[in-house]
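J.: Take this structure first; my questions come after.
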Amino acid sequence: MTATTNHADTPAFTETMTMIEAIRDALTLEMARDERVVVLGEDVGVLGGVFRATDGLQQRFGERRVIDTPLAEGVIIGAAVGLAVSGLIPVPELQFLGFGHQAFHQIGQQVARFRFRSQGRHPMPITIRSPFGGGVRTPELHSDAFEAMYTNTPGLKVVTPADAYDAKGMLLAAIRDPDPVLFLEPLRGYRLVSGEVPTGDYMVPLGRSNVVREGDDVTLIAYSAAVQMCMKAAGVLSSEHGVSAHVLDLRSLVPLDVEGLVAAVERTGRVVIVHEAPLTSGFGAELAATIQREAFYSLQVPIERVTAPDTPYPLGGTEDFYVPQISDVVRGVLTAMER
Amino acid sequence: MLAQFVPDGTAPSPIQYLAADGALAEGVTPSMSDDEVRAGLRLMMLTRAFDTKAMSLQRQGRFGTFSQVTGQEASIVGSASALDPRIDWVVPQYRELPALLRQGLPLSSFMLYFMGNLAGSRIPDNVNILPIQISLAAQIPQAVGLAWGLQLQQTGGVVIVYFGDGASSEGDFHEACNLAGVLKAPVVFMLSNNGWAISTPRHKQSAATSLAARAPGYGFPGVVVDGNDLLAVHAVTSEAVARARAGEGPTLIESVTYRMGPHNTADDPTRYVVASELDAWKPLDPIARVQRHLTARGLWSDDQCQVVEAELSAEIEEALVVARAAPPPSASQLFDHVYADAPATMLRQRAARLGVTA
Ligand SMILES: Cc1ncc(C[n+]2csc(CCOP(=O)(O)OP(=O)(O)O)c2C)c(N)n1
């Protein structure tokens, strides 16, 4: 059992960056490279974003390309549609995915299907960036993991990097993608997760999963902040329970890397899916259905899902009971092992 | 040019009763009695003291992210004081603590909420307020519906809904105004223009010279008031409430004030607030203004001030004791009040979380 080096092809010139720095680096690089790229959103300009993801962009690229909009998510995304039609490449920010509801009529009905509705005349090369997920004691209504609302929206890509290297490489791929991408950033990982990131240009293709830890007894499948948790759980499983966990970071939900998923399942025959969203209709349900269709005969036991319960995201004091913890992952794995 | 409706480019000067030095403007008759003014001042001072306390609790990790009222006390207290808490409702954003207290919310309950305890989300049944709204502007259509319901049931009640200049850019605000105008709903739209929405300044929020000037577009009146003037805010709101009660429909009040602190405990305003602007607002402090007004009339003194301050800090400590005595958050709370009749799947999840059999 070896921890694989995450990114074997890392070029020579790298820097240690947090996820937020990697995201900023990608935005800076792409805005410098392609003058059609514009960034718009609440507090993205002078302040540089409430998490500083866009810090310095307005100073460097000016107020015409980095725009502090009035406070209205619907108009931010709706205007991005028009900007795209005009020939620009908008990278709007939703300050928190919780407020994606205020823009969902534009995202679900418009952004995702404009190419289809115009039968190819108007592609939507829009990348909507948004932090999501819990564990950091935000005020109410900020922390839900609503990814499944969007994966059930054909026409839209939904990607979920878990580390700094992927954050930069996938953001560059997303902005250059001719289709709309919802680029979800883990609130919890913004400053907590850091790693070696190439200083230059590179892309991590959308739709390729990544084995972040090799193991033989059980396969943990996760994305975004849950990946780090699975890595920690894998450590506990190894040291305290003698269980060797294989950890797959999906990186992208739509498109889904079915081949990578099947290979990871076949490796151990025991599957535990981990996400922060509630169980019912969570993305885990889609994964479980895909696995039973594509890898049924390699499954030794039923698929376990470790998720939030089917209840609303609570206030901070109850948050740790709600968001899956390392101990929940360990328990899920032990259940799968004992069957 | 063929246009008939054009912006005239002038912002009306806000209605003012008290000058910054506390002097009453000539020819105006306050709508508050001296006792009401003193009660208002006390509530403003409580709010200010609580802000300081909450900030320090937050820094110690005992309080969640919190938005102070500092600078906006007259705007909130003056307007809320125009209501009859028995029949009228307050629909807040999140920066309106004194309005909630005046309606009867225990301070300990507010604290519990900010300590992250779900018990703090339960507002006592006889207190006419809706929960703090985090999702900006979502409360505004709800307030119109509530006012509409009160109107249909002829309760005589009026609803006041609070929101910021930022929130007033959301579609929900405009849709709500439109409906309220059509229905002549008994609602007062209280727009707290504190200059900022996090880092976004008022002039980037709207090209309208006055935010209140949007009201005629929806078929009802708008008014701009000096939000740091307790008496003016009370007078203007009282009139709007009276209009609403009389069936004459909504009013949009733009209360011009200033956020004297950070947006919330996670914000660093030095990145975007120009110090000179903040300095210009300092002499306009709403609490000092009322104190000067009362002092000049022999109704307030430094001694009294000290007595009240001591009482208020005792009140806050007491509320804190009550809040801390509440049962700590528990996993079972996640599953309470989600449904009247909980689905079996959820009950199984509950059992698994609590380690009991369903
Ligand atoms: C729908 C929605 N979008 C974004 C946010 C994030 N956010 C919280 S407060 C705030 C600014 C609010 O400004 P304003 O309405 O003027 O009220 P103030 O805080 O100044 O009192 C923003 C953008 C939110 N809470 N809700």
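J.: Can you give the log10 of the normalised intensity I(q)/I(0) at q = 0.06, 0.07, 0.09 Å⁻¹, computed with Debye over equal Cα scatterers of the protein assembly as shown?
T.: Computed log10 I(q)/I(0) values: -0.39, -0.53, -0.85.
J.: Another question, then. From other protein chains only, count the Cβ atoms within 10 Å of every residue's Cβ in B:64-74, then give the mean.
T.: For this peptide, the per-residue mean of nearby foreign Cβ atoms is 1.
J.: Oh, and also: With the dipole of chain A worked out from charges on the C-beta (+1 for Lys and Arg, -1 for Asp and Glu) around the Cα centre, which of A:VAL204, A:ILE67, A:ILE23 lies farthest toward the positive end?
T.: Looking along the dipole axis, the top candidate is A:ILE67.
J.: What do you reckon, how do A:ASP320, B:ASP84 stack up by accessible area (1.4 Å probe), largest on top?
T.: Highest to lowest solvent-accessible surface, that is A:ASP320, B:ASP84.
J.: Karplus couplings for segment A:144-160 from phi (6.51 cos²θ - 1.76 cosθ + 1.60, θ = phi - 60°), rounded to Hz, Gly and Pro as x?
T.: Result, ordered by residue: 4, 9, 9, 3, 5, 4, 8, 6, 8, 10, x, x, 10, 9, 10, 10, 9 Hz.
J.: When chain A is treated as a GNM, springs tying every alpha-carbon pair under 10 Å, which of A:LEU250, A:LEU97, A:LEU83 comes out with the largest mean-square fluctuation?
T.: Top of the fluctuation ranking is A:LEU83.
J.: So how tilted is helix A:326-338 from the main axis of chain A? Cα-based, degrees 0 to 90, rounded to 10.
T.: 40
J.: What is the helix-to-structure angle for A:225-241, meaning the angle in degrees between its Cα long axis and the longest Cα principal axis of chain A, kept from 0 to 90 and rounded to the nearest 10?
T.: 20
J.: Another question, then. Starting at the first residue of segment B:179-191, write each ³J(HN,Hα) from the Karplus equation 6.51 cos²θ - 1.76 cosθ + 1.60 with θ = phi - 60°, in whole Hz, x for Gly and Pro.
T.: Those phi angles translate into 5, 4, x, 4, 8, 6, 5, x, 9, 10, 8, 9, 8 Hz.
J.: What net charge do the residues around A:VAL258 carry, taking every other residue with its C-beta under 13 Å from that of A:VAL258, with Lys and Arg at +1 and Asp and Glu at -1?
T.: -3
J.: Now for a different question. Could you run the Karplus curve 6.51 cos²θ - 1.76 cosθ + 1.60 with θ = phi - 60° over segment A:27-43 and give me ³J(HN,Hα) per residue in whole Hz, x for Gly and Pro?
T.: 3J(HN,Hα) across segment A:27-43, in whole Hz: 4, 4, 4, 6, 5, 6, 7, 10, 6, 7, 6, 10, 10, 9, x, 7, 6.
J.: Shielding of A:138-145 by partners, i.e. mean partner chain Cβ atoms within 10 Å per residue?
T.: Taking all residues of A:138-145 together, the mean is 4.
J.: Heavy atoms only, probe 1.4 Å: what % of the accessible area of segment A:17-198 goes to carbon and sulfur, would you let me know?
T.: 52
J.: If you don't mind, there's one more thing I want to ask. Could you state the angle between the C-alpha long axis of helix A:164-176 and the longest principal axis of the C-alpha atoms of chain A, as a value from 0 to 90 degrees rounded to the nearest 10?
T.: Tilt of helix A:164-176: around 50 degrees.
J.: Going by a 1.4 Å probe on protein heavy atoms, which residues of segment A:283-322 end up with at least 50 Å² less accessible surface in the whole assembly than in their chain alone?
T.: Correct list: A:PRO309, A:ASP310, A:THR311, A:LEU315, A:THR318, A:PHE321.
J.: Taking only protein heavy atoms into account and a 1.4 Å probe, give the accessible area per residue of segment A:210-338 in Å².
T.: 36
J.: With +1 on the Cβ of every Lys and Arg and -1 on the Cβ of every Asp and Glu, and nothing else charged, how large is the dipole of the protein assembly as shown about its Cα centre, in debye rounded to the nearest 20?
T.: 860
J.: Give me the orientation-averaged projected area of the Cα convex hull of segment B:77-186, in nm², one decimal.
T.: If I average the Cα hull's projected area over directions, I get 6.8 nm².
J.: Non-local amide H neighbours of A:VAL306 (under 5 Å, H modeled in plane, Pro and chain starts lacking H): which ones?
T.: The list, which skips near neighbours in sequence, is A:ILE273, A:VAL274, A:HIS275.
J.: Top to bottom by accessible area (1.4 Å), largest first, where do B:MET111, B:MET260 land?
T.: So the residues, ranked largest to smallest area, are B:MET260, B:MET111.
J.: Then there's this: Amide H of B:GLY64: which non-local residues (sequence gap of 5 or more, or other chain) have their own amide H closer than 5 Å, using H built in the peptide plane?
T.: Residues meeting the amide H criterion: B:MET115, B:GLY116.
J.: Compute the Cα gyration tensor for segment A:210-338, then decide on rounded, prolate or oblate, letting a ≥ b ≥ c be the square roots of its eigenvalues: rounded whenever a/c is under 1.5, prolate when a/b is larger than b/c in the other cases, and oblate in all that remain.
T.: oblate
J.: Using only protein heavy atoms and a 1.4 Å probe, how much accessible area in total is buried between B and A, to the nearest 100 Å²?
T.: 2900
J.: Sticking with this one: Project the alpha carbons of segment A:17-198 onto their principal axes and report the range along each, largest first, in whole Å.
T.: The Cα atoms of segment A:17-198 stretch 43, 34, 30 Å along their principal axes.
J.: So, by mean Cβ neighbours within 10 angstrom, what's the order for B:26-34, A:49-57 with the highest one leading?
T.: Output ranking for B:26-34, A:49-57: A:49-57, B:26-34.
J.: Among B:VAL159, B:LEU57, B:VAL233, which residue has its Cα positioned farthest towards the positive end of the charge dipole of chain B, with +1 placed on the Cβ of Lys and Arg, -1 on the Cβ of Asp and Glu, and the dipole taken about the Cα centre?
T.: B:LEU57
J.: Report the Stokes-Einstein translational diffusion coefficient (µm² s⁻¹, integer) for chain A, Rh taken as the Kirkwood radius over Cα pairs, at 25 °C with viscosity 0.890 mPa s.
T.: For these conditions, the coefficient is 121 µm²/s.
J.: Within 10 Å of each candidate Cβ there may be at most 13 other Cβ atoms; applying that plus a DSSP loop requirement, which chymotrypsin sites (Phe, Trp or Tyr not before Pro) in segment B:256-358 survive?
T.: B:TYR339
J.: Going by average Cβ neighbours within 10 Å, how do the peptides B:159-170, B:12-23, A:114-125 rank, with the highest at the top?
T.: Those peptides, ordered most packed to least, come out B:159-170, B:12-23, A:114-125.
J.: Mind checking A:70-79 for the average number of partner chain beta-carbons within 10 Å of each residue's beta-carbon?
T.: Partner Cβ neighbours, averaged per residue: 5.
J.: Round to a whole number: what % of the accessible area of chain B belongs to carbon and sulfur, probe 1.4 Å?
T.: Ligands and nucleic acids excluded, carbon and sulfur reach 56 percent.
J.: Next question. Given H placed on each backbone N at 1.01 Å, which residues far from A:VAL38 in sequence or on other chains put an amide H within less than 5 Å of it?
T.: Amide H to amide H, under 5 Å and 5 or more residues apart or across chains, A:VAL38 pairs with A:ILE89, A:VAL91.
J.: Just to be sure I understand the model, the point goes 7 Å from the Cα along the line to the Cβ. What's the resulting A:SER86 to B:GLN142 distance in nm?
T.: 3.6
J.: Ordered by packing density, taken as the mean number of other Cβ atoms within 10 Å over each peptide's residues, highest first, how do A:200-211, A:133-144 rank?
T.: Answer by packing, highest mean first, reads A:133-144, A:200-211.
J.: Give the ranking of B:HIS337, A:HIS246, A:HIS101, B:HIS203 by solvent-accessible surface, highest area first, calculated with a 1.4 Å probe.
T.: Largest accessible area first, the list is B:HIS337, B:HIS203, A:HIS101, A:HIS246.
J.: With +1 assigned to the C-beta of every Lys and Arg and -1 to the C-beta of every Asp and Glu, and no other charges, what is the dipole magnitude of segment B:176-256 about the Cα centre in debye, to the nearest 20?
T.: Dipole magnitude for segment B:176-256 comes out near 240 debye.
J.: Per-residue accessible area for B:ARG271 at 1.4 Å probe radius, Å² rounded to 10?
T.: Taking all protein chains as shown, B:ARG271 has close to 90 Å².
The values are calculated or read from the model by the stated rules, or taken from the named source; none is laboratory data. Keep in mind that this is a model prediction, so the values were computed, not measured. Note that each Cβ is placed from the backbone with ideal geometry, even for glycine, and that neighbours are counted across all protein chains shown. Note: areas computed on protein heavy atoms with side chains; ligands, DNA, RNA excluded. Shrake-Rupley method; radii C 1.70, N 1.55, O 1.52, S 1.80 Å.
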